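A quick write-up on the structure given underneath.
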């Protein structure tokens, strides 16, 4: 009985230690990118708060920020995380953590004042496969996306052999976050 308890405790401890870290908004690379995007030495980014009922938006692993500019043009940023599981793939933040915990990557989306994507950047890739989604040339295909059309991998978005889970994860997340940003700013739930 004691051996069984020790084995179960060790499995639980291993599961807890393999859990992915929470998204780090103080990450140096992220802060450097935010300064670069703001085109100033001291950016005054403000978080766009979620309404009282965050469950209406599902689990969001990131934050929306706004940089109000003096000429009424605004920049919006979404900085967040996409889970890409080890073998078997999934981008489900509600997934039960097991020994096969999800791998992830952190990225940001820059939107203009009309909620159109101007830039996507993967700045922290912590998965063993699929790092090709961090390629600037591949990410350029999201520029101009405003949510008015559907993004389909293999049609409007190039597929990447060996990076299927990451490609699907970031494509779906960009679509969801574009829609969510519009709803948050325009006050729709």
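Report yes if residue 178 is at negative phi and either over 17 Å from the mean Cα position of the chain (by Cα) or touching a residue at least 60 places away in the same chain (Cβ under 8 Å) (or both), otherwise no.
Yes; evaluated as a whole, the condition is true for this residue.
Taking only pairs six or more apart or across chains, which ones have beta-carbon atoms under 8 Å, a first residue in region 138-167 that is free of Cβ contacts under 8 Å to residues at least 24 places away in the same chain and at negative phi, and a second residue that is in a loop (DSSP other than H, G, I, E, B) and surrounded by 15 or more Cβ atoms within 10 Å (Cβ to Cβ)?
That search, which allows pairs on different chains as well, returns 138/160; 157/151.
Rule-based calculations on the coordinates, nothing more; no lab input. Treat the numbers as computed from the prediction; the structure is a model and nothing was measured. When we count neighbours, we look across all protein chains shown, and the Cβ atoms used for this are built from the backbone with ideal geometry, even at glycine.
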